[in-house]
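A short write-up of the structure that comes next.
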Amino acid sequence: MNDIEIQVVFESKGQPDQQQIQLWVDAALVDFDQDTEIVVRIVDELESAELNEQYRHKSGPTNILSFPVDLPEGVELNLLGDLVICAPVLEKEALEQNKLLAHHWAHIIVHGVLHLLGYDHIDETEAELMEEKEIAILNKLNINNPYSETI
């Protein structure tokens, strides 16, 4: 069983509940063969912008930040890492991209979990691999390709 701690610092309509988040995290971890823990923190634009500046040296808020755990040798923890999701940015993106808000939340959470598992999109080959994985996971959740989906 994958354990999720949800920290809600910012609340808005349309945010998923614990059960939805659990479903999406579990879907992303279906091929990961061990139980793990993930912290999901839902924040406002200010906290997202501060963390984005501090850790990525980029200004402004972003939809999600993934912080994989890097444990010292010999420390045994099931913690995979933290996801920090900026709800206002997600809501704006869903509107701008004409996507269902719940589908966008699912996509961003799957995307973040894949980052925690080591997937990345720095170069084109890695990006294609990560996108293919996201599309396959979301398809199993009956969510269309997020890179082409419109309502």
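Read the figures in this text as sums done on the coordinates, not as results from a lab. As the structure is a computational prediction, the values presented were derived from the model and not from experiment. Backbone-built Cβ (ideal geometry, glycine too); neighbour counts: all protein chains shown.
Descriptive notes on the structure:
- Distant-in-sequence amide contacts of Leu79, defined by a placed amide H-H separation under 5 Å and a gap of 5 or more residues or a different chain, comprise Glu37.
- Annotated for the chain: lysine pairs at least 8 residues apart or interchain, Cα distance under 25 Å, count 6.
- Applying 0.36 nm per residue to the separation of Leu71 and Asp44 and subtracting their alpha-carbon distance, the gain on full extension is 6.9 nm.
- Contact order normalised by residue count of the chain, Cα under 8 Å, 6+ apart, percent: 24
- In order along the range 74-84, phi translates into HN-Hα couplings of x, 8, 9, 9, 8, 5, 7, x, 10, 10, 10 Hz, rounded to whole numbers, per the Karplus curve 6.51 cos²θ - 1.76 cosθ + 1.60 with θ = phi - 60° and x for Gly and Pro.
- Per-pair calculated FRET efficiency, R0 = 30 Å: His121 and Glu53 via Cβ, rounded to 0.05: 0.90
- Ordering His111, His103 by the number of other Cβ atoms within 10 Å of each residue's own Cβ, fewest first, gives His103, His111.
- The phi-based Karplus calculation (6.51 cos²θ - 1.76 cosθ + 1.60; θ = phi - 60°) puts the 3J(HN,Hα) values of the range 11-18 at 10, 8, 5, x, 6, x, 8, 4 Hz, whole numbers, x for Gly and Pro.
- Choice from Leu71, Leu95, Leu79 showing the highest fluctuation, given a GNM over the chain with Cα pairs closer than 10 Å: Leu71
- Counted over the chain, the DSSP beta bridges are approximately 30% antiparallel.
- DSSP-loop chymotrypsin sites (Phe, Trp or Tyr not before Pro) across the range 78-151, with at most 13 other Cβ within 10 angstrom: Tyr147
- With neighbour counts taken as other beta-carbon atoms within 10 Å, the residues Thr36, Thr125 rank, fewest first, as Thr125, Thr36.
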